[in-house]
Amino acid sequence: VKIAKRTGKVEIYRNGVLKEAQRRFSIESRLRDALSQGGLSLAYQPLIHLQTGEITGFEALARWNDPELGNVPPTEFIAVAEESGLITSLGRWAAYEAAQALSRWDAKYGQPLPVGVNVNVSAIQIARDDVESMFEEAVRYAGIDGRRMTAELTESAIVADPDKARKWLVALKDLNMSIAMDDFGTGFSNLASLHSLPIDILKIDRSFVSSMLEDHDKMVIVRTILSLAESLNLKVTAEGIETQALALQLQNMGCWQGQGYYFARPMNETDAFDYWRARWNFETI
Ligand code: C2E
Ligand code: MG
Ligand code: MG
Ligand code: MG
């Protein structure tokens, strides 16, 4: 009986590994098609100035609804894109699409909207592609001001090669773009490089923010990041704000910007524009 049980487990394990490999393979090949056929879209989640209630911009988040695979979550297809090298074309597409969304909103509104857009940039993409000229071309092609674009990168993008990071971060600053450190607190930032690189914004990871009212340790971490940012003259965005209590607490703690389901979920381009037009300002948070 014991042996049968064991082989059974091995079978289940084998099937599991096989299924995983098949899934990964089909995601990669479907994603390749989606990228060449316009099968991806961006969803836009509002970024709220916590002190004034204004909508300062949107984070652009990749979405993929495949005819065969259905909705594939970004955490899953971004990982496959990074492993397969498809992240370069995905990242290029996202930068162009986000810049063009801004110019389409401007055209609809009749003048430039006072909002920007944040684009996520993967560390693998940075290692393999010329991200400076990618943004330069995206901004020029869309005819928008570089000031309205923010690149969100994770700590790993800098840890791997700080000297290279400096070069392209400086190039993005030459385009007047802002740089945000995404998921801050989950990686291994070198505090010296945080200070010496041209970073503008720290985005506190959702894992610290969403439970900080119940979990004292998380609250301590958020306070520490806020005071670190103040000393380094950086702005702070809190992600994962799911309740009004959290929004108010972060407002009281002097946090600059917030993002989360309490304000709005990521929306398609049209809904994001309508949302901005209807309530460009949260009178009260
Ligand atoms: P991220 O850059 O940290 O984006 C924030 C994620 O938190 C988004 O998940 C957003 O929908 C989610 N979120 C925002 N507010 C709340 C909230 O109040 N509660 C909860 N539970 N979640 C909230 P999403 O869209 O699933 O994206 C996951 C990750 O995939 C992103 O994390 C980012 O790392 C990656 N990603 C998405 N689009 C792109 C892209 O175009 N390029 C790259 N390189 N990565 C991307
Ligand atoms: Mg992000
Ligand atoms: Mg984030
Ligand atoms: Mg995150």
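Values quoted throughout were computed directly from the atomic coordinates according to the rules given, and no laboratory measurement underlies them. This is a predicted model, so every value here is computed, not measured. Here Cβ is always computed from backbone atoms with ideal geometry, including for glycine, and neighbour counts include all displayed protein chains.
Classify the range 127-223 as rounded, prolate or oblate from the Cα gyration tensor: take a ≥ b ≥ c as the square roots of its eigenvalues, call it rounded if a/c is under 1.5, otherwise prolate when a/b beats b/c and oblate if not. Don't skip to the answer; put the middle values down first.
Working: a/c = 2.73, a/b = 1.78, b/c = 1.54.
It is prolate, given that a/c is not under 1.5 and a/b is the larger ratio.
From the phi of every residue in the range 23-40, what ³J(HN,Hα) in whole Hz does the Karplus formula 6.51 cos²θ - 1.76 cosθ + 1.60 yield, where θ is phi - 60° and glycine or proline is x?
In residue order, the calculated couplings are 4, 4, 5, 6, 4, 4, 6, 5, 5, 4, 5, 4, 5, 8, 10, x, x, 9 Hz.
Choose one answer from 18, 86, 169: the residue with the largest mean-square fluctuation in a GNM of the chain with alpha-carbon springs under 10 Å.
Ranking 18, 86, 169 by mean-square fluctuation puts 18 first.
Just going by the charge dipole of the range 66-202, with Lys and Arg at +1 and Asp and Glu at -1 on Cβ, which of 165, 139, 78 is farthest out on the positive end?
139
What's the center-to-center distance, using Cα atoms, between the range 58-102 and the range 201-280 in Å?
Cα centroid to Cα centroid, the span is 24 Å.
Report ³J(HN,Hα) in whole Hz for each residue of the range 238-245, in order, from the Karplus equation J = 6.51 cos²θ - 1.76 cosθ + 1.60 where θ = phi - 60°; Gly and Pro get x.
Each residue's phi maps through the Karplus curve to give 9, 9, x, 7, 9, 9, 5, 4 Hz.
Counting DSSP beta bridges with both partners in the chain, what percentage is antiparallel, nearest 5?
Numbers: 16 of 39 bridges.
In the chain, approximately 40 percent of DSSP beta bridges are antiparallel ones.
Return the calculated 222 nm mean residue ellipticity for the chain, to the nearest 500 deg cm²/dmol, obtained by summing -39500 (n - 2.57) across DSSP H runs with n ≥ 4 and dividing by the residue count.
Working: 12 runs with 151 residues, N = 285.
About -16500 deg cm²/dmol.
Most fluctuating residue of 247, 101, 79 in a GNM of the chain with Cα springs under 10 Å: which is it?
79
Under 5 Å between amide hydrogens, which residues at least 5 positions from residue 116 or on another chain qualify, with H placed 1.01 Å from N in the peptide plane?
Answer set, sorted by chain and number: 57, 58.
Using +1 on the beta carbon of Lys and Arg, -1 on that of Asp and Glu, and nothing else charged, what's the dipole of the range 103-219 about the Cα centre, debye to 20? Provide the component values of the computation, followed by the final result.
Numbers: 13 positive and 19 negative charges, 77 e Å.
Approximately 360 debye in magnitude.
With only Lys, Arg, Asp and Glu charged, each at its Cβ (+1 for the first two, -1 for the last two), find how big the charge dipole of the chain is about the Cα centre; round to the nearest 20 debye.
On the way: 30 positive and 38 negative charges, 153 e Å.
Around 740 debye, computed over the chain.
Once you've got the GNM for the chain with C-alpha springs shorter than 10 Å, pick whichever of 132, 239, 83 has the biggest mean-square fluctuation.
Of 132, 239, 83, the most mobile in the Gaussian network model is 83.
Any idea what the dipole of the range 174-285 comes to, in debye rounded to 20, about its Cα centre with Lys/Arg Cβ at +1 and Asp/Glu Cβ at -1?
Working: 8 positive and 15 negative charges, 38 e Å.
Using Cβ point charges on Lys, Arg, Asp and Glu, the range 174-285 gives about 180 debye.
I'd like the Karplus ³J(HN,Hα) series for the range 113-130: coefficients 6.51, -1.76, 1.60, θ = phi - 60°, whole numbers in Hz, and an x wherever there's a Gly or Pro.
Result, ordered by residue: 5, x, 9, x, 9, 9, 10, 7, 10, 7, 4, 5, 4, 5, 5, 9, 10, 8 Hz.
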